[in-house]
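Data block below; observations after.
The values are calculated or read from the model by the stated rules, or taken from the named source; none is laboratory data. Model, not experiment: these values are computed from the prediction. Here the Cβ positions follow ideal geometry from the backbone for every residue, glycine too, while neighbour counts run over all protein chains shown.
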Amino acid sequence: MDTIAPSCDEIEDLARETVSNLPPAFRAEAMKVAIRVTEFADEAVLAELDMDAFDLTGLYDGVPLTQKSHFDQPQGPDTVWLFRRPILDEWAERGDVSLGDMIAHVTVHEFAHHFGWSDDDIAAIDEWWH
């Protein structure tokens with residue numbers, strides 16, 4: 001049995017696989033978004049969100065498609081951030097899903113923000129966290 005936790009690169013590979021399996025209507029736009037995996041969110045982000053480092057598994061950083069304008073000046077690439085240690089901790093605490101499913105779920109959740117969904121919109125149809 002392999003007991004080594006996946007690296008940031010391995011988690012990124014699983015997230016990219018999730019994006020490549022999105023329905024075609026979403027895949028093309030999702031492929032334009034950068035995916036970055038780090039151990040934790042940086043301190044400034046955690047302070048801004050008033051969150052503990054282990055409570056934030058992912059973050060969408062960008063302008064949702066529903067709010068973009070051709071007149072906007074790009075501030076950088078839209079990015080989905082995945083945070084390795086909180087994902088691994090959440091997965092271990094849950095104990096009822098595979099790690100691949102956990103990573104896919106966090107990835108899809110963050111891409112939903114890219115497509116303009118709020119946390120409340122997502123929670124209304126997503127029973128994952130109940």
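So the values come out like this:
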| read-out | value |
| --- | --- |
| Restricting region 19-50 to residues that are touching an Asp or Glu at 6+ places or on another chain (Cβ under 8 Å) and in contact (Cβ under 8 Å) with a residue 40 or more places away in the chain, the residue that is nearest to THR107 (Cα to Cα) | ILE35 |
| In region 43-77, residue farthest from the chain's Cα centre (by Cα) [restricted to those that are surrounded by 13 or more Cβ atoms within 10 Å (Cβ to Cβ), among the charged types (D, E, K, R) and modelled with pLDDT of 85 or more] | ASP55 |
| Meets criteria (small (Gly, Ala, Ser) and at positive phi) for GLY76 | yes |
| Search result, residues across region 78-130 that are among the β-branched types (Val, Ile, Thr), out of contact with any His (no Cβ under 7 Å at 6 or more places or on another chain) and free of Cβ contacts under 8 Å to residues at least 40 places away in the same chain | VAL97, ILE125 |
| Tabulated pairs, region 51-74, first more than 23 Å from TRP91 (Cβ to Cβ) and of a type in the set (Ser, Thr, Tyr), second exposed (fewer than 15 other Cβ atoms within 10 Å of the Cβ) and modelled with pLDDT of 80 or more, C-beta under 6 angstrom, 6+ apart or interchain | THR66/GLY116 |
| Residues that are among the hydroxyl-bearing types (Ser, Thr, Tyr) and outside any helix (DSSP H, G or I), drawn from region 75-113 | THR79, SER98 |
| Region 1-42: number of residues that are surrounded by 11 or more Cβ atoms within 10 Å (Cβ to Cβ), part of a loop (DSSP other than H, G, I, E, B) and of a type in the set (A, V, I, L, M) | 5 |
